[in-house]
Amino acid sequence: MFKRSDYTSMDDLQLVELARDGDRSAADVLTGRYYRLAIKIAWDLLDDRDLAVEAAHEAFLKAFRALDTFNGPSFMAWFRVIVKNHSRDMLRRAKYRRSSEYDDGYVPGPHDASESPTERAAAREEYMNIVYEAYAALSPDHKEVLRLHVFEGLPYAEIARQLAIPVGTVMSRLYHARKNIKQYIEKYSSSDTEMS
């Protein structure tokens with residue numbers, strides 16, 4: 001076993017080899033080395049610090065899952081491509097969600113063009129708090145499946161394997177989790193409208 005100082009003195013290629021073999025300390029050192037860079041790259045593309053942090057975390061997960069595909073010479077260059085691609089994917093998904101929301105008439109939170117950036121930020125924070133409350137209200141089974149699929153990006157089959165349940169059960173739990181969150185948000189939005 002290596003000491004922390006041993007890891008920090010290793011170059012990226014040595015750390016990648018150890019991380020490929022499941023050494024979490026090596027992965028932690030790589031994460032520490034490139035965390036700020038990942039956020040900066042994502043922030044430049046997403047223009048939102050919170051989304052940039054999310055993109056950086058997800059890019060690290062993708063990179064560590066794909067370490068077997070890395071064949072050098074530069075981990076940093078390879079990882080930068082992953083961060084950029086993931087950030088661009090997030091932008092595309094966000095644009096698609098926005099266009100879908102407008103198509104079906106459901107738009108979360110106020111979007112008044114006369115609002116200041118501070119008011120928009122406050123509205124976004126309020127909306128995210130509602131989403132977190134809705135998530136917290138889910139059953140443990142629904143939370144677990146939603147977390148694995150949405151936050152960790154696992155496909156249905158992998159979730160089913162990890163939880164030892166049928167794929168159909170994964171799909172059903174995801175459907176009901178999303179439905180419950182949407183109903184919670186709609187309920188909150190309608191009660192908020194009635195008060196104004």
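The values are calculated or read from the model by the stated rules, or taken from the named source; none is laboratory data. Since this is a predicted model, take the numbers as computed values, not measurements. Cβ: placed from backbone, ideal geometry, glycine included. Neighbour counts: every protein chain shown.
The single condition from (1) at pLDDT 85 or above; (2) assigned to a helix (DSSP H, G or I) that residue 165 fails is (2). Taken over the range 8-24, the criterion of being in a helix (DSSP H, G or I) and either modelled with pLDDT under 90 or touching a Lys or Arg at 6+ places or on another chain (Cβ under 7 Å) (or both) is satisfied by 8, 24. Any residue at all in the range 169-181 that is over 22 Å from the mean Cα position of the chain (by Cα) and part of a helix (DSSP H, G or I)? Looking for residues that are over 22 Å from the mean Cα position of the chain (by Cα) and part of a helix (DSSP H, G or I), one finds at least one in the range 169-181, hence yes. Is it true that some residue in the range 40-55 is crowded, with 18+ Cβ neighbours inside 10 Å, touching a residue at least 40 places away in the same chain (Cβ under 8 Å) and either of a type in the set (Val, Ile, Thr) or not in a helix (DSSP H, G or I) (or both)? Yes, the range 40-55 contains a residue that is crowded, with 18+ Cβ neighbours inside 10 Å, touching a residue at least 40 places away in the same chain (Cβ under 8 Å) and either of a type in the set (Val, Ile, Thr) or not in a helix (DSSP H, G or I) (or both). Screening residue 118 with (1) modelled with pLDDT under 90; (2) within 18 Å of residue 151 (Cα to Cα) gives one miss only, at (2). Inspect the range 27-39 for any residue being without any contact (Cβ under 8 Å) to a residue 12 or more places away in the chain and in contact with a helix residue (DSSP H, G or I) (Cβ under 7 Å, 6 or more places away or on another chain) and give the result as yes or no. No, that holds for no residue.
The residue that is surrounded by the most Cβ atoms within 10 Å (Cβ to Cβ), counting only those in the range 130-181 that are touching a residue at least 40 places away in the same chain (Cβ under 8 Å) and more than 21 Å from residue 54 (Cα to Cα), is 138.
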